[in-house]
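Structure, as structure tokens:
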Amino acid sequence: MTNREKLKQLLLDVFLLSEEEFSFELKREEIETWDSLGVVSMAVGIQETFGYHFTPEQAIGISSIPDIIRILSENSVSVDE
């Protein structure tokens, strides 16, 4: 499984999304379950899956899936296609 596939599965599970609802371009306001608990769950999942720990400022500042990918990429976790 690629890192991109792992990230997708993590986000599907954390935000309770179906395959049809998911896109790597989704924004926070488009995901009903992306609330404060969702942020914590996502951050824990990222740490467990990729070994990267978001700072609290990063976690709070994430507003889209592209933001997640950018932060991971900037920290040597490639999630490219």
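The values are calculated or read from the model by the stated rules, or taken from the named source; none is laboratory data. Note that this is a predicted model, so its numbers are computed, not measured. Because the Cβ atoms are built from the backbone with ideal geometry, glycine has one as well, and the counts that use them run over all protein chains shown. Side chains included, ligands, DNA and RNA excluded: accessible areas come from the protein's heavy atoms. Shrake-Rupley method; radii C 1.70, N 1.55, O 1.52, S 1.80 Å.
Couple of notes before you dig in:
- Among the residues of segment 3-24, those that are over 20 Å from VAL44 (Cβ atoms) and touching a residue at least 24 places away in the same chain (Cβ under 8 Å) comprise SER23, PHE24.
- Apart from one condition, GLU32 fits all of (1) among the charged types (D, E, K, R); (2) closer than 23 Å to THR2 by Cα; (3) in a loop (DSSP other than H, G, I, E, B); the exception is (2).
Yes/no per residue for (1) in a loop (DSSP other than H, G, I, E, B); (2) open to solvent by 50 Å² or more (accessible area, probe 1.4 Å); (3) not small (Gly, Ala, Ser):
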| site | (1), (2), (3) |
| --- | --- |
| LEU11 | no, no, yes |
| LEU16 | yes, yes, yes |
| GLU20 | yes, yes, yes |
| SER23 | yes, no, no |
| LEU37 | no, yes, yes |
| VAL44 | no, yes, yes |
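- Residues located in segment 25-35, provided they are surrounded by 11 or more Cβ atoms within 10 Å (Cβ to Cβ) and in contact (Cβ under 8 Å) with a residue 24 or more places away in the chain: LEU26, LYS27, ARG28
- Residue check for SER64: touching a strand residue (DSSP E or B) at 6+ places or on another chain (Cβ under 7 Å) and without any contact (Cβ under 8 Å) to a residue 60 or more places away in the chain: yes
- Top-ranked residue in segment 54-78 [being β-branched (Val, Ile, Thr) and in a loop (DSSP other than H, G, I, E, B); ranked as surrounded by the most Cβ atoms within 10 Å (Cβ to Cβ)]: ILE62
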